[in-house]
Amino acid sequence: DKTGKKESKSKGNFTPPDEILDTYGADAMRWYFYAAGPPYNNTRYSPEAVKQAATEFLVKLQNVYSFFVIYANIDGFDPRTSPAAAPADRSIIDRWILSELNLTSRDVTGWMDEYKIYESAQRIVTLTDAVSNWYVRRCRDRFWRPADPLDQDKWDAYATLYEVLTAMSRLIAPYVPFFAEELHQNLVGSVLGDDAPASVHLTDWPDADEALIDEQLSEEMGAVRDIVSLGLSTRAMHKLKVRQPLGAADVVLGKAQLSERLEPYLSLIQEELNVKEVRFTQDAADLVSFQVKPDYRELGSIFGKRMPLLAKALGAADPHEVRSALADSGAFSVTLADGETVSLTTDQVQVRAEGAEGYAASGGSVGTVILDARLTDDLVAEGRAREVTSRIQRMRKDENLEYTARIVVHLNGDSELLAACEAHGDTISREVLAAELHLGEAAPEGGMRSDATIDKRPLQIRIA
C-alpha cells in the first residue's frame, strides 16, 4: 500500500481494483504498473498513485488531443487536402518535435526488445511532456491565427501535430489500448473511412524514420529548454511574477561552445522568460558571484578520507576561474596539499551563483541565468496589463465562451491600472479577442462582471 505495507483485507488497507477502474479507467491502472518504477522495486499502490501517474501522461496527452481536435475543427484542417510542406522544409520547432518523436520510437523499440518496460514508459512520458509543455505551448499562436489558405506555417503546425498524435496512438497502443484506439478512430478512422485500418491494434509498429532525426537540433533545443526552466525557477525563487516583464537575462553557459549554436533561439528564450533582451556571456563578474565545491556523492568513493583535502583546495581556488575552465574545456585541475594534481569535470563540481544587488541568479547543469530584477515604470505598466489580460481570459473560461467568440470589454477603477491598459490596449484586445475595449467609462447593464485587485489596486471588469 502507499505506506509500504503489504495489502491485506484483514489489515483494512486493501484497495479493490474496481474502485480504481471505475474512477480512473483501465488504461490508468495499466499505465501505473508500467511507470511506477522498475520491476525490482516494490510498488506502492493506491488510488492517489494511479491518479498521479495518469496525470503525468494520460491527462497531458488527452489535453493535447483535445486542443488539436478543437482547433482543427474550427479551421477545417484535413490531413488529406490541407497544404503541408515536407518535414525538412517546416519551421525549426516542427522539425524538432518530429525528431523527438522518431528518437522516442527508436528508444522505445530498443527497450521493448529488451523487456525494459519501465524505461520505455518513461521515454513516452518525456515525449508527451515535450509535445504538451513545449511544442503546443510554443505554437499556440500558429493555431489561433485566422485560417488562411496561404498561411503555410499554420497548416504545417496542424500537419506536424497530426503526424505526432497518430504516430503516438500506435506507439502507446501496447500500454494504454483503449485511449490509443480512441485516438486512432477519431484521427485516422473518421478521416480515411473504409481505407483506414479497422483498429490501431491492426496497424504496424511505428519504426523510427532516421531521416527525420536531428541529434544536434535535439541537443540545442534541450539546452534551450534547460535555460528556460532555470530562468523560470530563478523567477519563482526570487518571487518575480512570470507575467512581469524584466529588462534582461544574461546566460553564462556551462559549455561556452554552445553560445553560437544557440543564437537562433534568443527570441524564443526571451519570450519564454518574459524579458526584453537575452545575452550569452562568459564574463558576468559584475553581475554574479560564484561558489564552487566538490560533489561529494560523485567524488566520495574516489577520494574517500582525502575528501577534506580536495574540498580545501577547491575552496581556495578562484570561483570564476573554476567556472570558466569548466565552461571552456569541461575540466578544472587543482593541486591538493599533499602535492597531487587532480582534474575535475563538470559532473564532479557544483557551481552556485548569487546575483549582485538588483539581480537574481541561479545555476544548473546548463549554466547560470542572471535576471535583471530592477523594474522601470514601463515594465511595471506592462506587467499590470498582462495581469488584466489574464483576469479577462479567466472570465471567458468561466463563462464558457466559444474559442472564437468576440467580446466587448469595459474596464474601470484605479487610474494607474487604466493607464497601463491604455498603453497596451492593442495587445489586450488581441489576446482576449475584444472587438471593443472601453476604459474609464460606466459599463452598461448586463454581461459578466468581476471586481479584481491587481497590485492592491481595484479594477472593475465587464465583458459581454
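The values are calculated or read from the model by the stated rules, or taken from the named source; none is laboratory data. Small disclaimer: the values here were computed from a predicted structure and weren't measured. Here Cβ is always computed from backbone atoms with ideal geometry, including for glycine, and neighbour counts include all displayed protein chains. Protein only, heavy atoms only, side chains kept; ligands, DNA and RNA dropped before computing areas. Shrake-Rupley method; radii C 1.70, N 1.55, O 1.52, S 1.80 Å.
Check off (1) under 25 Å from the mean Cα position of the chain (by Cα); (2) more than 19 Å from MET29 (Cα to Cα); (3) open to solvent by less than 10 Å² (accessible area, probe 1.4 Å) for TYR175 and give me the number that stays unchecked.
Condition not satisfied by TYR175: (2).
I need the helices (runs of 4 or more DSSP H) fully contained in the stretch 1-72, keeping only those with at least 2 residues that are in contact (Cβ under 8 Å) with a residue 40 or more places away in the chain. Even if it seems obvious, please write down each step before you answer.
On the way: elements: 17-24, 26-35, 47-54.
In the stretch 1-72, the matching helices (runs of 4 or more DSSP H) lie at 26-35, 47-54.
For the subset of the stretch 363-382 comprising residues that are touching a Phe, Trp or Tyr at 6+ places or on another chain (Cβ under 9 Å) and part of a loop (DSSP other than H, G, I, E, B), which member is nearest to ALA236 (Cα to Cα)?
ALA373
Only one of these conditions is not met by LEU411: (1) assigned to a helix (DSSP H, G or I); (2) touching a strand residue (DSSP E or B) at 6+ places or on another chain (Cβ under 8 Å); (3) within 20 Å of THR453 (Cβ to Cβ). Which number is it?
For LEU411, the failing item is (1).
Residues checked against (1) assigned to a helix (DSSP H, G or I); (2) hydroxyl-bearing (Ser, Thr, Tyr); (3) surrounded by fewer than 17 Cβ atoms within 10 Å (Cβ to Cβ):
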{"residue": "PRO83", "(1), (2), (3)": "no, no, yes"}
{"residue": "ALA88", "(1), (2), (3)": "yes, no, yes"}
{"residue": "ILE93", "(1), (2), (3)": "yes, no, no"}
{"residue": "TRP96", "(1), (2), (3)": "yes, no, no"}
{"residue": "LEU101", "(1), (2), (3)": "yes, no, no"}
{"residue": "THR109", "(1), (2), (3)": "yes, yes, yes"}
{"residue": "TYR115", "(1), (2), (3)": "no, yes, yes"}
{"residue": "ALA121", "(1), (2), (3)": "yes, no, no"}
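GLU260 fails exactly one of the following numbered conditions: (1) open to solvent by 30 Å² or more (accessible area, probe 1.4 Å); (2) within 22 Å of the chain's Cα centre (by Cα). What is the number of that condition?
Here GLU260 meets the rest and fails (2).
Yes/no matrix, rows are residues, columns are (1) of a type in the set (D, E, K, R); (2) open to solvent by 80 Å² or more (accessible area, probe 1.4 Å); (3) assigned to a loop (DSSP other than H, G, I, E, B):
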| position | (1), (2), (3) |
| --- | --- |
| LEU266 | no, no, no |
| GLU271 | yes, yes, no |
| ARG279 | yes, yes, no |
| ALA284 | no, no, yes |
| PHE290 | no, no, no |
| SER301 | no, yes, no |
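In the stretch 357-368, is there at least one residue being surrounded by fewer than 20 Cβ atoms within 10 Å (Cβ to Cβ) and at pLDDT 90 or above?
In the first step, residues of the stretch 357-368 are kept if they are surrounded by fewer than 20 Cβ atoms within 10 Å (Cβ to Cβ); the result is 357-358, 364-365.
Of the ones still in play, those that are also at pLDDT 90 or above are 357-358.
Yes: one or more hits.
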